[in-house]
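Reading through the structure tokens given below for one structure.
The values are calculated or read from the model by the stated rules, or taken from the named source; none is laboratory data. Predicted, not measured: the structure shown is a model, and the values here were computed from it. Neighbour counts run over all protein chains shown; Cβ positions are idealised from the backbone, glycine included. Quick note on the areas: whole protein, heavy atoms, side chains included, nothing else; ligands and nucleic acids left out. Shrake-Rupley method; radii C 1.70, N 1.55, O 1.52, S 1.80 Å.
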Amino acid sequence: MSSSVTPATFDCLARRLEELAASFPTSPDAVDLITLTDDIGVLAHHLQHTIERAQERFTTPQTVYPPERVALVQLAQATAGITRGLDTLAQALTYATTGFQREAVEDLAHSPLRNDPEVLRIMTAEKYVAARARLRHTAAALRAPSAPAPPGPSAPRTTGPRTQPAAVQSRQPNRH
């Protein structure tokens, strides 16, 4: 079975994440809740598609050889980055919807800042900026070459007798 996880897969996903991140608003005036829910949906779609790519390969794990395993690790790390971005956007939506809840329920503590739609927009814009950074970081990691295998030990191991430190030797009784 040929690999469904290729450098082209990584490049395509990275490009889509960068495009989505570039479309995120950076100012409170540009925040729109309908667009926010759409952005969450698009990001969830990318996450689902990425997971499906990995699942295709794990249906027959005995055919997944070491080079592809490295690629699958990179893909798994990308899903973690997408998930963090999705979580950040969900927090933005939570801020906005709890603001609506506070405005609708009269007995909640009244504070001009808690119910101010402008404050909620600022908080949402900040979350968008954080999500943008997370997605761009994930896209950059997808484009980076896969990590090489860790190097072996720098000093050769000796198989000769081990000597004890002086402090340990001084505590042992002399057996002559």
Check off (1) open to solvent by less than 70 Å² (accessible area, probe 1.4 Å); (2) at pLDDT below 80; (3) not in a loop (DSSP other than H, G, I, E, B) for Lys127 and give me the number that stays unchecked. (2)
Consider only pairs whose beta carbons are under 8 Å apart and that are at least six residues apart or on different chains; among these, list those whose first residue lies in the range 114-133 and is free of Cβ contacts under 8 Å to residues at least 24 places away in the same chain and whose second residue is open to solvent by 40 Å² or more (accessible area, probe 1.4 Å) and in a helix (DSSP H, G or I). Arg114/Arg102; Asn115/Arg102; Asn115/Glu103
Those residues of the range 29-65 which are at pLDDT below 90 and among the small types (Gly, Ala, Ser) amount to Ala54
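Yes or no, residue by residue, for (1) modelled with pLDDT of 80 or more; (2) more than 25 Å from the chain's Cα centre (by Cα); (3) in a helix (DSSP H, G or I):
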| position | (1), (2), (3) |
| --- | --- |
| Ala90 | yes, no, yes |
| Thr98 | no, yes, yes |
| His110 | no, yes, no |
| Ala131 | yes, no, yes |
| His137 | yes, no, yes |
For the range 80-98, enumerate the residues that are surrounded by fewer than 20 Cβ atoms within 10 Å (Cβ to Cβ), polar (S, T, N, Q) and under 18 Å from Ala140 (Cβ atoms). Thr83
Among (1) open to solvent by 40 Å² or more (accessible area, probe 1.4 Å); (2) outside any helix (DSSP H, G or I), Pro25 falls short only on (1)
Residues of the range 23-56 being of a type in the set (Asp, Glu) and more than 21 Å from Arg121 (Cβ to Cβ), in sequence order, are Glu52, Glu56
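Going by what's in this entry, would Gln55 be described as over 21 Å from the mean Cα position of the chain (by Cα), more than 17 Å from Arg136 (Cα to Cα) and free of Cβ contacts under 8 Å to residues at least 40 places away in the same chain?
Working: over 21 Å from the mean Cα position of the chain (by Cα): no; more than 17 Å from Arg136 (Cα to Cα): yes; free of Cβ contacts under 8 Å to residues at least 40 places away in the same chain: yes.
Against the criterion (over 21 Å from the mean Cα position of the chain (by Cα), more than 17 Å from Arg136 (Cα to Cα) and free of Cβ contacts under 8 Å to residues at least 40 places away in the same chain), Gln55 does not qualify.
Please verify whether the range 70-79 includes one or more residues that are surrounded by fewer than 12 Cβ atoms within 10 Å (Cβ to Cβ) and either modelled with pLDDT of 95 or more or of a type outside the set (D, E, K, R) (or both). Walk me through how you get there before you give the answer.
Just the residues of the range 70-79 that are surrounded by fewer than 12 Cβ atoms within 10 Å (Cβ to Cβ), to begin with: none.
Scanning the range 70-79, I find no residue that is surrounded by fewer than 12 Cβ atoms within 10 Å (Cβ to Cβ) and either modelled with pLDDT of 95 or more or of a type outside the set (D, E, K, R) (or both), so the answer is no.
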